[in-house]
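Asks: Before I ask anything, here is the structure I am working with.
Quick note: the coordinates plus some simple rules give every number you see, no bench work behind them. Model, not experiment: these values are computed from the prediction. When we count neighbours, we look across all protein chains shown, and the Cβ atoms used for this are built from the backbone with ideal geometry, even at glycine.
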Amino acid sequence: MSSDRVMSKVPAVTLGFWLIKILATTLGETGGDAVSMTMNLGYLIGTAIFLAALVVLVAAQISAHRFHAPLYWATIIASTTAGTTMADFADRSLGVGYAGGTAVLLACVLATLALWYWMEGTVSVDTVSIPRVEGLYWATITFSQTLGTALGDWMADTSGWGYLGAAAVFSGALLLVAILYFWTTVSRIGLFWVAFILTRPLGATVGDFLDKPLDQGGLALSRPVASAVLGAAILILILAVPQKAGVHPPLKK
């Protein structure tokens, strides 16, 4: 590698990245529901558990001197499970509602990205290699994971689309993003964040379809079993698909 290139602490954005991300967001839904519902711990305790794990993993990620695929994806999974329980707690326990939760969380995502851009002049994930950028990166991700849960629930439960219908809508939106990526000059950074956010409601609706009761349009699969299978699939992909750190030009001095 040329000496004027710097290693990022997040993986290069490839097809393998998106496959693992979608599986991780689906696991976030089934795993979050397994703790809050199946184990009957409730949304607040579930949120406390997953937020504690997320804080520890983010600290480890920031302290690491280079990219570690298992650590990175464990942190992503912690953010998406925490996002599931946080969104459910706000929407259902606090009575914010899906629309209100979606609006608030979208504002949080946009505010964090705006702060990131103001501080760094970019919101590109290729520059995630120093602590302050990593902090902004993980804050944006956690807000986006929580937003995706609220958005997925809103689409599936309130709009009348159902889980599979909502999953089809989000899949179609992701296909549109891919078309824009390959056949237009639309900002690649903007498209990345749109795709990143959209994978979360896709995973949320697929996860709900797997574990919700039959009379609610789901398959009524065991949440712990579904989570274990998804976790195994993620692990296999991490081992089978090359996981390389992204590279970027050094920050200006």
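Asks: Once you order the gyration tensor axes a ≥ b ≥ c over the Cα atoms, which shape class does the chain get: rounded for a/c under 1.5, otherwise prolate or oblate by comparing a/b with b/c?
Replies: Prolate.
Asks: Another one. At what distance in nm do the modelled label points of Ser171 and Met39 sit from each other, each positioned 7 Å from its Cα along Cα→Cβ?
Replies: 3.1
Asks: Choose one answer from Ser93, Ser79, Ser227: the residue with the largest mean-square fluctuation in a GNM of the chain with alpha-carbon springs under 10 Å.
Replies: Ser93
Asks: Continuing with this model, one more query. Pairs of lysines 8 or more apart, or on different chains, with alpha carbons under 24 Å: count those in the chain, would you?
Replies: Lysine pairs meeting the criterion: 7.
Asks: Related question: Which helices, counted as full DSSP H runs in the chain, have an axial Cα extent of no less than 27 Å and a Kyte-Doolittle average of 0.0 or above?
Replies: 15-33, 42-63, 69-88, 98-120, 131-153, 162-183, 188-211
Asks: Another question about this same structure. Among 144-151, 39-46, 175-182, what's the highest-first ranking by average C-beta atoms within 10 angstrom per residue?
Replies: Taking the mean over residues of other Cβ atoms within 10 Å, the ranking is 144-151, 39-46, 175-182.
Asks: Using helices alone, I'd like the mean residue ellipticity at 222 nm for the chain: each DSSP H run of four-plus residues gives -39500 (n - 2.57), total over residue count, nearest 500.
Replies: Mean residue ellipticity, 222 nm, calculated: -23500 deg cm²/dmol.
Asks: Counting other Cβ atoms within 10 Å, which trypsin sites (Lys or Arg not before Pro) in the range 44-142 have at most 11 and lie in a DSSP loop? Let's see the in-between values first.
Replies: Values: sites: Arg66, Arg92, Arg132; in loops: Arg66.
Here the trypsin sites (Lys or Arg not before Pro) that fit, given the DSSP loop and packing criteria, are Arg66.
Asks: Using a simple spin-label model with points 7 Å from Cα along the Cα→Cβ vector, what separation in nm is obtained for Ala228 and Val56?
Replies: Each label point is offset 7 Å from its Cα along the Cβ direction, giving 2.2 nm.
Asks: OK, next. Under a Cβ-only charge scheme (Lys and Arg +1, Asp and Glu -1), can you give me the dipole magnitude of the chain about the Cα centre, in debye to the nearest 20?
Replies: So the magnitude is around 860 debye.
Asks: Classify the range 46-125: rounded, prolate or oblate, from the alpha-carbon gyration tensor (a ≥ b ≥ c, eigenvalue square roots; a/c under 1.5 rounded; otherwise prolate if a/b is larger than b/c)?
Replies: oblate
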